[in-house]
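Trainee: Encoded as structure tokens, here's the structure I'll be asking about.
Throughout, read-outs are computed from the coordinates displayed, never taken from laboratory work. Nothing here was measured: the structure is a model prediction, and the numbers come from that model. Every residue, glycine as well, gets a Cβ built from its backbone with ideal geometry; the counts of neighbours run over all protein chains shown.
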Amino acid sequence: MPSFVSYLIHTLFPPSVRLPDILLIDVGLVFGIIGIVVFLTKTGRWGSLWRDWLTTVDHKKIAVMYLIAALLMLFRGGVDALMIRAQLAAPGAHFMPASQYDEVFTTHGTIMIFFMAMPFIFALFNAVVPLMIGARDVAFPRLNAMSYWLFAMGAALFNVSFIIGGSPNAGWTAYPPYTGLAYNPGPGENYYFLALLIAGLGTTMTGINFLVTTIRMRAPGMTLMKMPMFVWSTMVTSALILFAFPPLTVALAMSLFDRLFGSSFFTLAHGGMPMMYVNLFWLFGHPEVYILVIPLFGVFSEVVATYSRKALFGYPLMVVSILAIMFLSYGTWVHHFFTMGAGPGVNAFFGLSTMLIAIPTGVKIFNWIFTMWGGRIQMTTAMLYQLAFIPTFVIGGATGVLLAVVPADYQFHNSYFLIAHFHNVIIGGTVFGLLSALYYWWPKMFGMKLNERQGRWAFWLFFIGFWVTFTPQYFLGLKGMTRRIYTYPAGFGWHQLNVISTVGALIMGAAFVVLVYNIVWSLRFGERDLTGDPWDGRTLEWALPSPVPEYNFARIPVVHERDAWWAMKQRGQSLAGSLRAEDVHDVEMPKNTPIPFLIGVSFFVMGFGMTFKWWPIAIIGFIGVILCLLFSGFDYDDHHHLKADVIRNTEASLGRLQG
Amino acid sequence: MSEHGNTALTIKEAYEQDNDKGLKFLRPHFAEEKFPAVQIAGYIGSLVLTFAAYFLVMNHVLPPAALLAIILALAVFQAGLQLGVFMHLKESRGLAWQLIPLYLVFLIALGMVGMSIWIMLFKSGVS
Ligand code: HEM
Ligand SMILES: [Cu+2]
């Protein structure tokens, strides 16, 4: 028995997690969990946690859960970033050991892309797409909840790695042979592959769900060319997800087989082909970067039109260019491994195809500018992010074109120049877009505005911090500093630039603190949104009260033109004023179910068991998954009728019923 | 979804018919469904095809070229099987609903596979 205990301790808490800072976090976590349990019990909230959140299938609540998860992960990824910058601030620093540095940058990248940006985007999809198209929910509400719980449990699995067993350490791209069992025997990479497989399953389902939702669930009259741009971007993103995630799933599963079952798909020995992993990963990876940015193109199109009080300029061209980006983004993936040596033919082809993408992107930039042209612009926080996005993203795109020049990329590749490029597009495009959307749609999601003055503070700190952090990194790259190095000697001329970069990171850290303060302050004291239309919006979500009632639309609206709500207002109509009691009928709503949550937990158990090759635990989790699926398959009682009287009462209490 | 029969609809007609049903088209139609014999057979068939490929690879019964050809054939056959049995290829509202996505799938799949082969050929060219 003692040998069993020592085996457990040695496996779960190897020396790599017995560091003072991690032990401190362990203690904090234990107290945190105890605190939460005590709080829920004292205030008697277990029941409502279960009924209102864990078992919900309502897209609006799922959106809130995605948002909370994304903000938590932004915090975790941000702390990792600050640790990286602390380590690099001085030559020869010993802030942390090299092995821990590897774990920190791997965790930072993986969390930011898969567990921060993706769920944040899904939060937006869930919060507004059904409202924008005049629907009562997504096409498959139960699947939607399942997507969420698979994502959440994948994220949880990834996040326990650093306290139990040790974090992955092969970079967010997890190339072999770094991930090979021979070179990397700990459980870290198993965590990585399993967490991403589980979360990826959820993501694929989200893609399917929103593809079907946007194609099939639009209100009568909303033809494709009358859809808001954000809905277009949702549709295109979902299609990208549908085709991009299978190669990732295959690559991850094959790597996992190499590690768990002794196959040799990507090993160096036995005829494995490590380069094939690189090919498969970027077959996913490049579409992924567009999955990360296209939704925000949609956000910016909504934000710029609303705050310029003008219709989006060149809507048809916007649609064409977004579709062009979708197709082109499947044909550029080799630009991530030009240096693999596939030969001049291959490299020239993919260099050119990469540069081509800049054209439709440029079209969109011009259209946003022309939308603002001559408009009456309101300088809200959301609009500030929009204005910051344009130059930031243009510079990021321009350095991308530089990277696409193949001979030059042999110099730039895997240097800090590359790091600066992709942060330029990912922060300038994705993060600025997400924050813009947060300020824009917050009243719709929560019923109050975020304080604008605090918002402007957070904005300027983010914006300045961003440029202070990443401008020096371009020059560091040109001076030969490579990515993923743990330390550097004095005398290379890298020191000053690194110090500036670290200062910038601290400014961004301050911005995050202000953002959180802004959110907490506004939840308590923020200006209530009583009209449901605080920005004088253009699309249908602003026709509804904030926060939106469970059934969304008491009566499904009929759409006649683009910017449907704006047009209604121009004609002096509203959804509220015209609603008569006899117009309201019973509506069919999906019913809450514990299955998605339970299937997520089962996947977590299975993933945890597989990580440590504890097969009995893995099998228990697997059986849980099968039972959930079976139960769900024979559960015919999956919807309920919301009575017309209930809807009438709700609408009347909101002052939206005539007579 | 058999209520729509086999009448071929254009995308627009199919859309108009189904629109404004709220969530109604999600309502299960179990009464109309028979025992899913086809699906179960398709499932077992898929497993058999997978294990056949696995067996061939693990036991080295064939020379490499023939092996590659056979597992490729098994894969294509399985893809067809799954499209037919699980992707409701025959239960269409109209041809247009099926063909456009299908063309897209072929375009992207062939593009990915074809270009990957092109890219990975360098192994033979470069030492
Ligand atoms: C005009 C548009 C763009 C061009 C021409 C471009 C070009 C490139 C090239 C050539 C590389 C590879 C550099 C190297 O490894 O040496 C690269 C890397 C990268 N790009 Fe872009 N890019 C563009 C837009 C974007 C966008 C919109 C995003 C994300 C929102 C993005 C995210 C990334 C990421 C994450 C990497 C690095 C991945 C890694 O190695 O870890 N790029 N880009
Ligand atoms: Cu790329």
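Trainee: With +1 on each Lys and Arg Cβ and -1 on each Asp and Glu Cβ, and nothing else charged, work out how big the dipole of chain A is about its Cα centre, in Debye to the nearest 20. Don't skip to the answer; put the middle values down first.
Mentor: Numbers: 38 positive and 31 negative charges, 195 e Å.
Once rounded to the nearest 20, the dipole reads 940 debye.
Trainee: Based on the mean of other beta carbon atoms within 10 Å per residue, what is the order of B:61-72, A:556-567, most packed first?
Mentor: Numbers: B:61-72: 11.8, A:556-567: 18.8.
Sorting B:61-72, A:556-567 by mean packing, highest first, produces A:556-567, B:61-72.
Trainee: Another question about this same structure. Using Cβ counts within 10 Å as a stand-in for footprinting exposure, how do A:T354, A:T204 rank, fewest first?
Mentor: Values: A:T354 26, A:T204 20.
Result, fewest neighbours first: A:T204, A:T354.
Trainee: Using modelled backbone amide H atoms (1.01 Å from N, in-plane), which distant-in-sequence or interchain residues come within less than 5 Å of A:H639's amide H?
Mentor: Answer set, sorted by chain and number: A:K591.
Trainee: Provide, as a two-decimal number, the C-alpha radius of gyration of segment A:323-465 over 2.2 N^0.38 Å, N being how many residues it has. Walk me through the numbers on the way to the answer.
Mentor: Details: Rg = 18.1 Å, N = 143, 2.2 N^0.38 = 14.5 Å.
Relative to the rule-of-thumb radius for its length, segment A:323-465 sits at 1.25.
Trainee: Any chance you could run the full-extension gain for A:Q570 through A:D635? It's 0.36 nm times the residue separation minus the Cα-Cα distance, nm to one decimal.
Mentor: Going from the current span to full extension adds 18.7 nm.
Trainee: Tell me, what is the percent relative contact order of chain A, built from C-alpha pairs under 8 Å that lie six or more residues apart? All intermediate terms of the calculation are to be shown ahead of the outcome.
Mentor: Values: 1032 pairs, mean separation 107.0, N = 659.
The normalised contact order for chain A reaches 16 percent.
Trainee: Taking a ≥ b ≥ c as the square roots of the eigenvalues of the Cα gyration tensor of the protein assembly as shown, is the shape rounded (a/c under 1.5), prolate (a/b larger than b/c) or oblate?
Mentor: Values: a/c = 1.36, a/b = 1.16, b/c = 1.17.
Rounded, since a/c falls under 1.5.
Trainee: While we're looking at this one, here's another question. By count of other Cβ within 10 Å, fewest leading, how are A:I241, B:I100 ordered? Mind showing how you got there, number by number?
Mentor: Details: A:I241 24, B:I100 11.
Taking fewest neighbouring Cβ atoms as first place, the list is B:I100, A:I241.
Trainee: Further question on the same structure: Would you mind giving the mean number of other chain beta-carbons within 10 Å of the Cβ of each residue in A:338-350, as a whole number?
Mentor: Working: counts 0, 0, 4, 4, 8, 6, 0, 5, 6, 1, 0, 3, 2.
Neighbouring Cβ atoms belonging to other protein chains average 3 per residue here.
Trainee: In nm, give the distance between the simple-model label positions of A:R483 and A:Y410, each being 7 Å from the Cα along the Cα-to-Cβ direction.
Mentor: About 2.0 nm separates the two model spin labels.
Trainee: Okay, next question. Applying 1/(1 + (r/R0)^6) with R0 = 25 Å to the Cβ-Cβ distance of A:S99 and A:I619, what FRET efficiency is obtained, to the nearest 0.05? Don't jump to the answer; show the numbers that get you there.
Mentor: Working: r = 32 Å, r/R0 = 1.30.
FRET efficiency, A:S99 to A:I619: 0.15.
Trainee: State, as an integer percentage, the relative contact order of segment A:374-436 based on alpha-carbon contacts under 8 Å between residues 6 or more apart. Before the final figure, lay out each step's value.
Mentor: On the way: 45 pairs, mean separation 33.3, N = 63.
It comes to 53 percent, rounded to a whole number.
Trainee: Order of A:Y385, A:Y439 from fewest to most other C-beta atoms within 10 Å? Working shown, then result.
Mentor: Details: A:Y385 30, A:Y439 25.
Ranked by crowding around the Cβ, least crowded first: A:Y439, A:Y385.
Trainee: Looking at this model, which pairs from A:K60/A:K364; A:K310/A:K569; A:K643/B:K34; A:K60/A:K569; A:K61/A:K226; A:K444/A:K569 are more than 21 angstrom apart at the alpha-carbon?
Mentor: Values: A:K60/A:K364 30 Å; A:K310/A:K569 14 Å; A:K643/B:K34 33 Å; A:K60/A:K569 25 Å; A:K61/A:K226 27 Å; A:K444/A:K569 18 Å.
As for pairs spanning more than 21 Å Cα to Cα, those are A:K60/A:K364; A:K643/B:K34; A:K60/A:K569; A:K61/A:K226.
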